[in-house]
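Accompanying notes for the structure given below.
Values quoted throughout were computed directly from the atomic coordinates according to the rules given, and no laboratory measurement underlies them. Just so you know, these numbers come straight off a predicted model, no measurement behind them. Here the Cβ is made from the backbone with ideal geometry for all residues, glycine too, and neighbour counts use every protein chain on show.
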Amino acid sequence: MSATGELQNSAKVLTSDQLTRLEQAKTAKRPVFIVTEQEALDNEKAGTADTKVWHFKANKVRDFAWASSRKFIWDAKGYQQGGNEQPFVMAMSFYPKESGYS
């Protein structure tokens, strides 16, 4: 799941390994896979009736977008533009294995 804004309930929707990777991505030099290709493949194969509710919050935005797929590979990297006086952002990418990038 991806959406505009900041994920508010990561501890409820991510595994402990994914939470650790998300934290590592904040200071990593290169993007970190939050959901690996193997995890995405496993998710794609295993159907489930379970549901998860993802909460996002975004301040001062005009447009909102979201996407969801069990096939998503997810990578992320923290970015501090222009020093500490600028907001910290997480650059994130979501894509299926068919993209050829992993």
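Nearest 20 debye, what's the magnitude of the dipole of the chain about its Cα centre given +1 on Lys and Arg Cβ and -1 on Asp and Glu Cβ?
Here the chain has a charge dipole of around 200 debye.
Residue farthest toward the positive end of the dipole of the range 2-99, with Cβ of Lys/Arg at +1 and Asp/Glu at -1: which of ALA65, GLN80, ASN43?
Comparing the listed Cα positions along the dipole, GLN80 ranks first.
How about the range 1-83: which chymotrypsin sites (Phe, Trp or Tyr not before Pro) there lie in a loop by DSSP and see at most 13 other Cβ atoms within 10 Å?
Loop-located and lightly packed - PHE64.
Test of understanding: in a Gaussian network model of the chain with alpha carbons linked when under 10 Å, which of ALA46, ALA91, ALA11 would top the mean-square fluctuation ranking?
Most flexible of the set in this elastic network: ALA46.
Go through the chain and name the trypsin sites (Lys or Arg not before Pro) that are in a DSSP coil and have 13 or fewer other Cβ atoms within 10 Å of their Cβ.
The qualifying sites are LYS29, LYS52, LYS60, ARG62.
Please find, in a Gaussian network model of the chain (springs between Cα atoms separated by less than 10 Å), the residue of VAL13, VAL32, VAL61 whose mean-square fluctuation is greatest.
Evaluated over the chain, the most mobile residue of the options is VAL61.
Which entries in LYS57/LYS77; LYS26/LYS57; LYS57/LYS97; LYS45/LYS97; LYS12/LYS71; LYS12/LYS60 show an alpha-carbon gap greater than 22 Å?
Where the Cα-Cα span goes over 22 Å, the pairs concerned are LYS57/LYS97; LYS12/LYS60.
Below 8 Å, C-alpha to C-alpha, sequence gap of six or more: please give me the relative contact order for the chain in percent.
With pairs under 8 Å counted, the relative contact order is 36 percent.
Radius of gyration and Dmax for the chain's Cα atoms, expressed in Å?
That works out to 14.3, 45 Å for Rg and Dmax.
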